[in-house]
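For reference, the structure discussed in these notes is given below.
Read-outs throughout are calculated quantities, based only on the coordinates presented, and are distinct from any laboratory measurement. These numbers were taken from a predicted model, which means no experiment stands behind them. When we count neighbours, we look across all protein chains shown, and the Cβ atoms used for this are built from the backbone with ideal geometry, even at glycine.
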Amino acid sequence: METAASNPRRSGSLLSMLLMVITLTVAAFELSERLMTYVRSEFGQEAQDRLETWQNLHDMASRAAVDRQLRLVNSFFNRVRFVSDIAHWGEEDYWATPVELLTTNGGDCEDFSIAKYLTLKSMGVPDEQLRIVYVKALKLNQAHMVLAWYPEPDADPLILDNLINEIKPASQRQDLEPVYSFNGDGLWLNRSSGDSERIGEARKLEHWQSLNDRMVDSLR
């Protein structure tokens, strides 16, 4: 018999149910017993274990220094399998929530970056210090996505990337060419000089809006 665990493409509809019992905001982070029971029955014990580890990571690191939070969160999510959207979800470009990423144990660069962003934000890292950055990976000659942390608005940001575990300043990532970046507040066009120009709000991005709508709907 087919289950959600054996066919992650089914998980989109199933996860609309389980997302009703997750709260992920700056002020609160809670994975309920109802969620854990549902995940264990539909996706197996290992999926539940990954969510529990995520919860424990959050609880442990919430009061840590930001540099430690960055390392822990980057390392944790980089253990998830890289799987293309078409293979995992049956869609060309699907932006998964952190619960979808961890429950199915698979995702691509967008999913890794979004999960890191939302987890760090829930730990209290200010939104203005975080940007999800759409880049061109020059060595791979393909589009890619990473998370950037800015200690100051004009600082050389640190880059959290699923391609490598080491967190390096953007100035040391000559293999990445930024195109645009966004967070919960805005959308920026990035230039090769390192400057960026705000061009609007992140809701202009269809996939970002869809992801946020799914998370908002799940909490009603």
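Please get the size of the charge dipole for the stretch 93-134, origin at its Cα centre, with Cβ charges of +1 on Lys and Arg and -1 on Asp and Glu, quoted in debye to the nearest 20.
Magnitude of the dipole: close to 200 debye.
Calculate the dipole size of the stretch 24-92 relative to its Cα centre from +1 charges on Lys and Arg beta carbons and -1 charges on Asp and Glu beta carbons; express the result in debye to the nearest 20.
It works out to roughly 340 debye.
May I ask you to sort Ser171, Ser75 by Cβ crowding, counting other Cβ atoms within 10 Å and putting the fewest first?
Fewest to most other Cβ atoms nearby, the residues stand as Ser171, Ser75.
Under the rule a/c < 1.5 gives rounded, and otherwise a/b versus b/c splits prolate from oblate, where does the stretch 29-130 land using the Cα gyration tensor?
oblate
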